[in-house]
Amino acid sequence: MKRRSTKQREIVYDALMQLYHPTAEEVYEYLRGAFPSIGRATVFRNLAVLAEEGRIVKLFFPDEVAHYDANIDGHYHFVCRRCAKIIDLSVTKRVSFPPREDFVVDTQEVNLYGHCRECHECCQS
Ligand SMILES: [Zn+2]
Ligand SMILES: [Zn+2]
């Protein structure tokens, strides 16, 4: 099957570059302003294809809908428990484990949880 409409895919990709770890719904809301004719299904499908192609990363957090990340350099995330903000953490030294025979790792995701600065300050006052 021929993949149609790579133009729409680039529009979705560009939106992802502007947003910071958005959900598919947030990408759709963002694009709807500039492209009123774009459909929700189109946005969701193109995000899935981009993730499949390895141009973006689909992130899963416990009890959360998936978020998308245009930053594909392996990095970790900080997640605020209060406002759910996701902040990139650059990794200077990756954690390594002794090799094992009972599984093969293809993705490494590390999430740190706590309170972002804004939420930390408002918790204290
Ligand atoms: Zn916060
Ligand atoms: Zn990220």
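We did not get these values from a lab; they are worked out from the coordinates using the rules stated. This one's a predicted model, so the numbers in the text were calculated from it and none came from an experiment. When we count neighbours, we look across all protein chains shown, and the Cβ atoms used for this are built from the backbone with ideal geometry, even at glycine.
Assorted remarks:
- Debye log10 I(q)/I(0) for the chain, one point scatterer per Cα, at q = 0.14, 0.16 Å⁻¹: -0.73, -0.89
- Here the Kirkwood formula puts the hydrodynamic radius of segment 6-69 at 11.6 Å, using every distinct Cα pair.
- Dipole magnitude (debye, nearest 20) for the chain, charges at Cβ of Lys, Arg, Asp, Glu: 420
- Straight Cα distances below 16 angstrom link LYS7 to none of the lysines, with same-chain residues fewer than 8 positions distant left out.
- With the highest mean first, a sort of the peptides 67-76, 113-122 on other beta-carbon atoms found within 10 angstrom per residue produces 67-76, 113-122.
- Protection-proxy order for peptides 93-102, 16-25, each taking the mean of Cβ atoms within 10 Å per residue, highest first: 16-25, 93-102
- Relative contact order of the chain, pairs being alpha-carbon contacts under 8 Å that are 6 or more residues apart, as %: 20
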